[in-house]
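*Asks:* Quick one: structure below, then a few questions.
The values are calculated or read from the model by the stated rules, or taken from the named source; none is laboratory data. The structure presented is a predicted model; accordingly, all values stated were derived computationally and were not measured. Reconstructed Cβ throughout: ideal geometry from the backbone, glycine too, with neighbour counts over all protein chains shown.
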Amino acid sequence: MKQLTTATGSPFQFKEHPNGDIIVYSADGNGQLQAKSAIVITPFTIGLVKKAIQQKGRILVGASRDQPPAGSLGALLKAEKQSPQQLSYLVPILVDQGFCSIGRDGRAIVVIWRST
């Protein structure tokens, strides 16, 4: 499995399934990598997020589960009845793939599309 860290520095590991799903194993409560529980990020969600990043060029992540900022990727996922928490993992994966980069706007995390 490949290992990365979230924008806030928490480690996670993931693997890509042949059907396009990304299976993410977050760190446990002690910050240690684990493989007992996972979340699945579907191709639908990946496509939705990539399209929003491409269209906006620069967009807030907004990974808050409760109230992501309006216009953020988190608000987009919440409107689709999905957890914005997925963004904590998906954004670093997209950065690793060279699709986008991460920046800051004060304390907020911003995604910037890398046009090719």
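*Asks:* Identify, please: which residue in the stretch 68-116 is assigned to a loop (DSSP other than H, G, I, E, B) and crowded, with 17+ Cβ neighbours inside 10 Å and is, among those, modelled with the lowest pLDDT?
*Replies:* So the residue we want is 68.
*Asks:* Then there is this: Keeping to the stretch 6-19, report how many residues are surrounded by 15 or more Cβ atoms within 10 Å (Cβ to Cβ) and part of a loop (DSSP other than H, G, I, E, B).
*Replies:* Selection size over the stretch 6-19: 2.
*Asks:* Another question about this same structure. Filter the stretch 13-61 for residues that are of a type in the set (Ser, Thr, Tyr) and closer than 16 Å to residue 87 by Cβ; which is modelled with the lowest pLDDT?
*Replies:* Per the stated criteria, the residue is 26.
*Asks:* I need the full set of residues from the stretch 76-97 which are of a type in the set (Val, Ile, Thr) and farther than 13 Å from residue 52 by Cβ, in order please.
*Replies:* 93, 95
*Asks:* Give me a count of the residues in the stretch 20-37 that are under 23 Å from residue 104 (Cβ atoms) and surrounded by fewer than 14 Cβ atoms within 10 Å (Cβ to Cβ).
*Replies:* Counting residues in the stretch 20-37 that are under 23 Å from residue 104 (Cβ atoms) and surrounded by fewer than 14 Cβ atoms within 10 Å (Cβ to Cβ) gives 1.
*Asks:* Please find, among 39, 23, 59, 109, the residue that is in contact with a Lys or Arg (Cβ under 6 Å, 6 or more places away or on another chain) and of a type in the set (Val, Ile, Thr).
*Replies:* Only one candidate passes the filter, namely 23.
*Asks:* Another question, then. Having 3 or more residues that are closer than 17 Å to residue 5 by Cβ is the bar; report the strands (runs of 3 or more DSSP E) wholly within the stretch 20-67 that clear it.
*Replies:* Values: elements: 22-26, 39-41, 58-60.
Result: 22-26.
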